[in-house]
Amino acid sequence: MSLLFPAALWLSLLGLPIIGFYLLKTRQRRRQVSTLLFWQQIKPKIENSPLWRKLRRWLSLLLQLLILMLVVLAICRPAFDWEKRAAQRTVAVFDPSASMQAADGKATRWQTARTRLDEAIARLRVQDEMAILSAENPPRILSGWTSSKRTLREAITGAGELRTGTDPRAALDLARELTVVRENARIEVYSDSVWPEVARDAVKPDLILRGDRNDKAVNAGITLLAVRRSPVSPGDWQLDAEVVSPVAFAGTLEMRRDGMPMDRVEVKCEPGQPWKKSWRGSTEFGSTFAATLQVSAGDALPSDNQASCELAPLRPLRVLLAGPPDPYMEALLESIPLVQTSRVLMFPLKAPDGTDLIIGSGSHGPEERFPSTPVLLVNPTTSGLWGKLEGSLKDTPVTDLDKKSTLVSHANLGSVVIEESGQWKPAPGAKVLAASLGNPLIFGQWDERAKWMVIGFDPAKSDLPLRTAFPIFVSNLLQSLRDESGGGKAMAVLPGRVESELHPVAPAENFQSMQGSSLPVFPGWWLVLLAGVVVLMLEWFFYSRRLTD
Amino acid sequence: MVFLQPEVDGLSFEILRPAWLFLLLLVPLVWWVHARSIAPLRGRRRLATVIIRSVLIVLLVFALSEPRWVRPSDREEVILLVDESRSVDGKAVEAAEKFAREANFAGADVVWMGFAGGGRIFRGIEELKKADPADVRPAETRFDTALSLAAANFRPGRVKSVVLFSDGVATGGDEKQFSLLKEQAIRVHAVPVAPPDRPEVLVREVNAPASVRTNEPMQITATVQTNRPGPVDVDLYRNGVRIATRKVDLKNGPNEVRFEDRADREKLLLYEVGVRSTQDSIAENNQLGAAVISEGAAKVLLVTDRPESARYLEWALRQEGIELSVRPGQGMPSQMSDIQNFDTLVIDNVPASDLSRQQMDLLHSYVRDFGGGLLMLGGDQAYGLGGYYRTPVEEVLPVSCDFQREEEVPSLALALVIDRSGSMQGEKIEMAKAAARASAELLGPKDYVSVIAFDSGCYPVVPLQSAGNSSVATQIASIEAAGGTNMAPAMEEALRQLSGSSAKLKHVILLTDGISEQGPFYELTNQMSQTGITVSTVAVGDGSDTELLSQIAQWGGGRYYETNDPSTVPQIFTKETMTASKSAIQEFPFLAKPVRAVDFLEGVPWSDSPFLLGYVRTKPKPTSETWLVTERGDPLLTTWRYGLGTTAAFTSDARNRWAVEWLRWNGFGKFWAQLLRRLSRPESLGLSEVAIKEKDGTLHVTVDALDPVEGFPSGLTGSIRLADPDGKARELPLEKTLPGRWETSFATPLKGIYSAQMLLARDGQPVDSRFFTYSRGYSKEFLFDPPDREFLSSLTSETGGVIDPDPKTVFTRKDRRASLEEELWPLLALLVLAGFVLDVAIRRWPER
C-alpha cells in the first residue's frame, strides 16, 4: 500500500489530546456516610471483577484511536496493491456513423456503444485517464485527457449521430497522435466497423473494437436518389434511384413528386447488386421528389428507407450584346429558351451584375484584360488579347473539329464553308475547336480559369444560317454557363451504400468484450472511510452498553 | 449524478454515488441505541454526545456519496504551440522563447508544445530547443492536428488559451476543426513568424496543356521565384532528358519563363522545369513537373532480339499511320511512366531471361490495370521456348506456353543435375527445385526424367523414370542443401542413366553455383556427345566456374546460361526443356486460314496470302478466341481480353525468317495495322469527361458521362485504376452521386506523377475509359511564402484571440471562467475529525 497524500499523516497528532482525555481522572471527593456495610459487601466483587472490565477504558481508547486512524488514512488517499497497477490511459474512438443506428435486437448499436463506454468510464480509477474522439470527418475531440468521470459522461452526451457514413482513418490517426503524449496509452474503438473498403488498411491486428460484429444484419435501403438537369437541354431532367440489400429482397418503392404520387415500382434486389431505376421528364420549374421504400419487419436500419431530393428551377441566362445590331445573332439568341438579351454600344469594362455572357462583335472587344464574365467574340476585326490577326481566308471549309469538346457536341460544323474568315494565331493557352486546313476558326479558353471564345468569322457570311450547327454551338456555350446549383439538383443525405449494406470490415478477432468485472470500482479511501463508519457505530454501541468505559 | 443546487451564483453540487445515502438510516439507529443507553453521562453532555455522533455519521455518509463542488475558476492554462516545420525553420522557436521571457502569465500554468505534421509536448523551452523536428514530420504543417492535440491536453477546470507561433501556411488539414475550438472555449492568439531571410530560388508553378495532338506545338510556362535578383539557369526536361536550357536574369519575386515543344512519338510527356543558381539554400523546391498526354496516332513499341529485322514491319505500319518505336530486349520499359507512352507493346523473339521479374510484373499491370495491348510474335525464343512458362507474361497471353506433345514426336529423356552444396542454401535451392518440377511438368507421359543432386557426393533423387509418374514432384521436394561441390560423379551417373534409356532425344541440364573439384569433364561430356546426349549448363551467381561450364556446354552441343538472379532459373529450365524436346517449333510451308469473320481482319486479302514457313506450337486458353489457324489446325492468331487490355499471340513471325513471303504481300501492312489497332488501349469514345481538383494533398476526381442519344447513361459502374509515383497500383471504386456523375477522392502524399485509367462499364463490359495524370509537386513548406496573416487572423478572431498579443497584458485580463470540479469528501472528513475529538472531549472530561 502507498499513500498519495502522506502529508495528511500529521493529523494523526490529534490522537495526543484523545489519549490525554483518557489519562484524566475524576478527582475523588470525601463524603461522610452512615455505614460502610454496603462497600464491604461489594468490595470483594470489585476486586474479583473480570479483566475486560478493568480494561474497558483502554478498549474504548483503542476504538477511538482506530476511528481516528481510519479517517486520517482516508484523507491520505491510500493506494492498495490491487490499485497500484500502472495508470491506464485510453483513447476511446466513438463511431457516430449511420450504421450505428441499426438495431441488433432491441437496442441500436449506438445505444449499446454508449452503454459500453459508460461502463468503461465507471471503471476508471483515480490514476486512470481517458480521452474521447468522435470519428467524424474531420474527427472531433469530445473530451481531452481527463480522469473526471463527470467530464467524460458530459462529453458522450455531446456526441451527435451522423446521417452518413464515416471513414475512421483520420480519427485513428488523431487518436495515435494523442497516445504519443501519454505513456502506455491505447486506443479502443466503439464501432461496428461498417466502413468503406479503403479503410480496411486501418484495421490492424492490434486494433481493439468494443462492439458486436454482425455480418448477418438484414437491411434494404435506398442508396441513391438524385435528380439532375441535362447539360445539353436543361429543361430535361433525369431522376435516378438505387436500392441495395445484402440478401435477396423484394419490395416496393413509392415515388412522389411535389407531394403527389408519381410512380410505384417493384424492387427486386440480388445480394450485393443494386437495383436501379431512372425517370425522365421536362420542366423549367422546380420540383421535390420523395421516395419511400416499403420494407419488411426486421429491417435493421430505418434511416435509409426514405429519401428526397430537389430540382431547382431554371433561371434565365442574361446575355449582353456589345456592338452594332446583329440581326442573325439576335434571332439566334431569341430561339434559345430562357435567354434574356440586352444591348450596349461599347464593350463594357465590367458587365452589369447578373450578366452571364458578353457577346462582342467586330471591333468591340476587351482591351486591357478579359472581364470576369465569360466573353464570346464574333468576327473580331483586330488583334487583341485573344490572338493575332495575320491575314484573311476566303471560301474555306471547316476541316477539323475537336469532337471531344462538349462545346461542339451535336454541332455538326464539319464541311461548313466560310466565305470569309480571319487568319488567326490564337493567344497562348487557347484551344482550337474548329479549324480549316490548320487555320483556327473557333478557338479560346473555356475552363475554370478563364472563359473566352472567338469565332473568327462572320457566321452570317457562311452557310451556317441554313444549318442548326451554329445555334447548337452557341446553345452549348450558354448551357455550359449554368452551374450545377443554378441548373438544379439537390441530393438527399443518405447513409450511402457502405452503411446500408452493413458489412463489417474488421474480422472477428478485432472485436473484444470488456475485460474485468462490471461491478463499480471503489477507491481505497472510500473503503477506509466505510470501515470508519462501521467502527464508529460499533464504538457507539459498546459505549452505550457500557462494554467500554 | 444528482445536482442538488444547480447554478447558484455559478456554483453547483453533484453527488457521484447517491445510492450510498441510504446509510443515513444509521442516524435513527444511533438515537435508538442512545435511548437504551446505560452509559454514565447525564444531562446536556449526554444530549451533546448523541448529537455530535449523529453529525459525524451524516458527514461520513455524505463523504461516501462522493459529493463534488463545481465552481467557477479563472485559473488559466496556456499552451505555447510552436511551429517546427521547414517553412519557418526554427524562427518560431526563437519567437516563442522571446515571448515567454517577456510574458506576464499571471499565475497561469504554461505548457510547451511543438508541431508540424504531428505534435508533441515538452517540459520546457530547453527541451523544445534540443528536440529533433524530424519526429513530427517537418515537411508538413497541420493546424487541425496541432490544435486538436492542444485541446485534448488542457487540464479540466482551467481557462484555456493557446498562443500559436507560426507562419500560418498549412499543407493539409480541415479548417472545420477551428469552429470546434470556439465550442470548447479555447482562445487562440497568434504570433506570425516569417521564414528566415536567406537566398532562395524556386520553381513555383509549371503550366502545360493537359493534352495536345501529335506534332501540335505547346507552351510550357514556369514561374520561377527568387528573393535575390540575379542570373540563373532554367532547364526543361522531357521524360527525364534535358531538352532546353535558358539563362534568365531573375527579378525579385515571381518571373515567368516560357518554353515551347512539340509531342512526337511519345504518348505521355513528363515535363520538369529545374532551376540552378548559386544563390539558393534549399534544393527540394528547385524542380517541378507537369504531365501532358499526346493524343493522335496509335503508338506501338516493338521490343525485339534483332532491331534491324523490324524495318519491314516499321515501314509497313508507317504507311498505315502507326508509329512504331523499336528497341532491343534491354530496352523493355521498366517504369510505368515509360510504358504508358505506348498503346500496344509487341514482344518479338525476346526470351524471358532478358526481362527482370519487375519488368514482367510491369507488363502484367500495363495490360490488366491500364488497358494496354500486348502482342507476342513467334520465334525460337518465344512462348515456352523463350522461357515464358509460368511467368506474369504468360498469364496475360491468350495461349499457354506449355503444349501437348504429339504422339509422333520423339520421346525425350531429360536428366537434371543440380548442385545441392551448402552455398545453394536458401533461395537458390528452392528455385532449382521449382525449376526441376516445372521441367518435369512440361514433359509428356512418353518422356523420361531423372534428377541427380550432388555436393561432394552424388545422390540420384529421381532415378530415370516416366515423366508422368506422380511421385516425381515429391521426390524433388526432398532435396536439401549441404556439403561441397563435385560435379563429375553426378555427370557420370547422368551418363549411366541416359545411356540405358530408349528415348530418342537425350539431354542433360547441369546447374551449379560454385567451383567443382577436379574431374574428367571433357571425357565425360565427349562420351555423352558420342552417345547422342546433349548437355546444357547453367551458372548461378558470381562464384560459379563460368569458364568450365561454358566449355562443357560447347563440348556437349548444348547451351550455356549465366544468371545472378536465382528466380530466373525456372524460366531457363523450361526454355531448355522445350528447346530440347524439339517439338514446339513446326517448320514447313503453310497458309494462314481465317476461322471466322471479324472486323479487324476485314479487308485483308486472305485469298492472296502467301505461305508462312514456320510457327511455334501453343495451346489456346479456354476463354480466348482463335482467328487464324495453320493448315494443321494449330492456332496462328489468338486474342483475348485480360483485365482492361487485349492481348494477342501470333505464333509465326513478322520478319524475314518465317514471314519472308509475307513481307512482299500487299496485305502485310493492313493486317498488322488492323491487328495493332484492335489491341491498342481503348481511346475514349467521348462519352465521359474527367475533372480533377486537388486540395490539401487530396485529389478529387469527378467523371461526367453523357450519351448523345441516351442522355445520362444508366446501368454503369465506374472504377479507377491508379498507379502511385512509386509504381504501386490499386483500384478505387467510383461512387455515383448524380445521374451521369461519379466521384472519388484519394490522398496524394508522394511527389511525382500519378497515372490513372478511369473505366465505365456495363455488366462487366467496358463502355468508356479515360487515361489521366496528376503531377504532385513538392510540399508547400518549401515555398517560403510570407506569413498568412489572413488565416491567422480568421483563426484568432473566431476564437476571441488576437494577432501579435502583448505578452505583458494578454493573460492579465481574466475575463473568462472555467468550471472547476473539486471533491468535497476530504473537507467532510476533516470536519469529522474535528467533531470526533470534540465528542471524545465531552465524554471524557472529568465532571466536577
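The values are calculated or read from the model by the stated rules, or taken from the named source; none is laboratory data. Nothing here was measured: the structure is a model prediction, and the numbers come from that model. Backbone-built Cβ (ideal geometry, glycine too); neighbour counts: all protein chains shown.
Taking residues in segment A:537-549 that are touching a residue at least 40 places away in the same chain (Cβ under 8 Å) and over 19 Å from residue B:25 (Cα atoms), and partners anywhere that are acidic (Asp, Glu) and surrounded by 15 or more Cβ atoms within 10 Å (Cβ to Cβ), the pairs with Cβ atoms closer than 8 Å and at least 6 places apart or on different chains are A:548/A:539.
So in segment B:166-209, with the set limited to residues that are farther than 24 Å from residue B:137 by Cβ and of a type in the set (Asp, Glu), which one is nearest to the other protein chains (Cβ to nearest Cβ)? Outline the logic, then answer.
Kept after step one, since they are farther than 24 Å from residue B:137 by Cβ, are these residues of segment B:166-209: B:179, B:182-185, B:187, B:189, B:197, B:199, B:201, B:205-209.
If we keep only those that are of a type in the set (Asp, Glu) too, we end up with B:183, B:197, B:205.
Details: B:183: 9, B:197: 32, B:205: 12 Å.
My answer is B:183.
Can you name the residue in segment A:227-260 that is of a type in the set (Gly, Ala, Ser) and surrounded by fewer than 19 Cβ atoms within 10 Å (Cβ to Cβ) and is also nearest to residue A:474 (Cα to Cα) among such residues? Give the derivation first.
First, the residues of segment A:227-260 that are of a type in the set (Gly, Ala, Ser): A:230, A:233, A:235, A:241, A:245, A:248, A:250-251, A:259.
From what's left, surrounded by fewer than 19 Cβ atoms within 10 Å (Cβ to Cβ): A:233, A:235, A:248, A:250, A:259.
Working: A:233: 13, A:235: 17, A:248: 49, A:250: 47, A:259: 37 Å.
Going through the qualifying residues, I end up with A:233.
Listed here are the strands (runs of 3 or more DSSP E) enclosed by segment A:353-431 that have at least 1 residues being buried (at least 20 other Cβ atoms within 10 Å of the Cβ) and aliphatic (A, V, I, L, M): A:357-361, A:375-378, A:417-426. Within segment B:754-779, the set of residues being more than 22 Å from residue A:201 (Cβ to Cβ), among the aliphatic types (A, V, I, L, M) and at pLDDT 85 or above comprises B:758, B:759, B:760, B:761.
Which members of segment A:179-196 meet the condition of being within 10 Å of chain B (Cβ to nearest Cβ) and over 20 Å from the mean Cα position of the chain (by Cα)? Please lay out each step first, then the result.
Residues of segment A:179-196 that are within 10 Å of chain B (Cβ to nearest Cβ), as a first pass: A:180-182, A:196.
Once the filter is applied, which keeps residues that are within 10 Å of chain B (Cβ to nearest Cβ) and over 20 Å from the mean Cα position of the chain (by Cα), segment A:179-196 yields A:180, A:181, A:182.
Among the candidates B:798, B:821, B:743, which residue alone is more than 11 Å from chain A (Cβ to nearest Cβ), surrounded by fewer than 20 Cβ atoms within 10 Å (Cβ to Cβ) and assigned to a strand (DSSP E or B)?
Unique residue meeting the criteria: B:743.
Cβ separations smaller than 7 Å between residues 6+ apart or across chains give the following pairs from segment A:139-150 residues that are at the interface with another protein chain (Cβ under 7 Å from one of its Cβ atoms) to residues that are of a type in the set (Asp, Glu): A:145/A:129; A:146/A:129; A:148/B:821; A:150/B:14; A:150/B:821.
All conditions but one from (1) modelled with pLDDT of 90 or more; (2) more than 30 Å from residue B:123 (Cα to Cα); (3) of a type in the set (Gly, Ala, Ser) apply to residue B:37; the one that does not is (1).
For segment B:466-479, what are the residues that are more than 21 Å from residue B:420 (Cα to Cα) and surrounded by fewer than 19 Cβ atoms within 10 Å (Cβ to Cβ)?
Matches in segment B:466-479: B:466, B:468, B:469, B:470.
Considering A:241, A:250, A:199, A:220, the condition of being more than 25 Å from the chain's Cα centre (by Cα) and more than 9 Å from every other protein chain (Cβ to nearest Cβ) is satisfied by A:250 alone.
Scanning segment A:151-169 for residues being within 10 Å of another protein chain (Cβ to nearest Cβ) and buried (at least 21 other Cβ atoms within 10 Å of the Cβ) gives a total of 1.
Looking across segment B:716-740 at every residue that is among the small types (Gly, Ala, Ser) and farther than 22 Å from residue A:406 by Cα, the one that is nearest to the other protein chains (Cβ to nearest Cβ) is identified as B:719. Checked against (1) touching a Lys or Arg at 6+ places or on another chain (Cβ under 6 Å); (2) not assigned by TED's automatic domain parsing to the domain that holds residue A:459; (3) not basic (Lys, Arg), residue A:299 meets all criteria but (1).
Go through segment B:443-499 and count every residue that is part of a loop (DSSP other than H, G, I, E, B) and either among the hydroxyl-bearing types (Ser, Thr, Tyr) or touching a residue at least 40 places away in the same chain (Cβ under 8 Å) (or both).
Of all residues in segment B:443-499, those part of a loop (DSSP other than H, G, I, E, B) come to B:443-447, B:455-457, B:467-471, B:478-487.
Right, trim to either among the hydroxyl-bearing types (Ser, Thr, Tyr) or touching a residue at least 40 places away in the same chain (Cβ under 8 Å) (or both) and you get B:443-444, B:446-447, B:456, B:467, B:470-471, B:478-485, B:487.
Number satisfying all stated conditions: 17.
Any chance segment B:719-726 includes a residue that's part of a strand (DSSP E or B), touching a residue at least 40 places away in the same chain (Cβ under 8 Å) and either buried (at least 20 other Cβ atoms within 10 Å of the Cβ) or over 21 Å from the mean Cα position of the chain (by Cα) (or both)? Quick ask: steps written out before the conclusion?
In the first step, residues of segment B:719-726 are kept if they are part of a strand (DSSP E or B); the result is B:719-723.
After this cut, where a residue has to be touching a residue at least 40 places away in the same chain (Cβ under 8 Å) as well, the list is B:719, B:721, B:723.
Within this subset, residues satisfying the condition of being either buried (at least 20 other Cβ atoms within 10 Å of the Cβ) or over 21 Å from the mean Cα position of the chain (by Cα) (or both) are B:721, B:723.
For segment B:719-726, residues part of a strand (DSSP E or B), touching a residue at least 40 places away in the same chain (Cβ under 8 Å) and either buried (at least 20 other Cβ atoms within 10 Å of the Cβ) or over 21 Å from the mean Cα position of the chain (by Cα) (or both): present.
For residue A:506, work out the one condition from (1) at pLDDT 90 or above; (2) over 30 Å from residue A:125 (Cβ atoms) it doesn't fulfil. Among (1) at pLDDT 90 or above; (2) over 30 Å from residue A:125 (Cβ atoms), residue A:506 violates only (2).
When residues in segment A:92-109 are screened for being surrounded by fewer than 22 Cβ atoms within 10 Å (Cβ to Cβ) and assigned to a helix (DSSP H, G or I), 1 of them pass. Residue B:636 meets all of the listed conditions (1) surrounded by fewer than 21 Cβ atoms within 10 Å (Cβ to Cβ); (2) in contact (Cβ under 8 Å) with a residue 12 or more places away in the chain but one, namely (1).
So that you can scan it fast, the table gives a plain yes or no per residue for (1) touching a Ser or Thr at 6+ places or on another chain (Cβ under 6 Å); (2) in contact (Cβ under 8 Å) with a residue 40 or more places away in the chain; (3) exposed (fewer than 15 other Cβ atoms within 10 Å of the Cβ):
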site: B:238; (1), (2), (3): no, no, no
site: B:244; (1), (2), (3): no, no, yes
site: B:250; (1), (2), (3): yes, yes, no
site: B:260; (1), (2), (3): no, yes, yes
site: B:263; (1), (2), (3): yes, yes, no
site: B:268; (1), (2), (3): no, yes, no
site: B:273; (1), (2), (3): no, yes, no
site: B:277; (1), (2), (3): no, yes, no
site: B:280; (1), (2), (3): no, yes, no
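Residue under question is residue A:266, and the condition is that it be farther than 24 Å from residue B:707 by Cβ and more than 14 Å from chain B (Cβ to nearest Cβ); does it hold? Against the criterion (farther than 24 Å from residue B:707 by Cβ and more than 14 Å from chain B (Cβ to nearest Cβ)), residue A:266 qualifies. Checking each residue in segment B:814-839 for being over 53 Å from the mean Cα position of the chain (by Cα) and modelled with pLDDT under 90 picks out only B:823. Among the residues of segment A:261-271, is there at least one that is surrounded by 14 or more Cβ atoms within 10 Å (Cβ to Cβ), under 30 Å from the mean Cα position of the chain (by Cα) and at negative phi? For segment A:261-271, residues surrounded by 14 or more Cβ atoms within 10 Å (Cβ to Cβ), under 30 Å from the mean Cα position of the chain (by Cα) and at negative phi: present. For segment A:143-164, the set of residues classified as within 30 Å of residue A:79 (Cα to Cα) and either outside any loop (DSSP other than H, G, I, E, B) or within 12 Å of the chain's Cα centre (by Cα) (or both) consists of A:143, A:144, A:145, A:146, A:149, A:150, A:151, A:152, A:153, A:154, A:155, A:156, listed by residue number. A single entry from B:379, B:371 fulfils the requirement of being of a type outside the set (A, V, I, L, M, F, W, C) and under 18 Å from residue B:395 (Cβ atoms): B:371.
Out of curiosity, is residue A:131 outside any helix (DSSP H, G or I), over 16 Å from the mean Cα position of the chain (by Cα) and aliphatic (A, V, I, L, M)? Walk me through how you get there before you give the answer.
Details: outside any helix (DSSP H, G or I): yes; over 16 Å from the mean Cα position of the chain (by Cα): yes; aliphatic (A, V, I, L, M): yes.
Against the criterion (outside any helix (DSSP H, G or I), over 16 Å from the mean Cα position of the chain (by Cα) and aliphatic (A, V, I, L, M)), residue A:131 qualifies.
Residues that are farther than 19 Å from residue B:399 by Cβ, among the charged types (D, E, K, R), more than 34 Å from the chain's Cα centre (by Cα) and not assigned by TED's automatic domain parsing to the domain that holds residue B:666: does segment B:594-605 have at least one? The answer is no; no qualifying residue exists. Among helices (runs of 4 or more DSSP H) entirely within segment B:511-595, having at least 2 residues that are closer than 27 Å to residue B:618 by Cβ singles out B:569-581.
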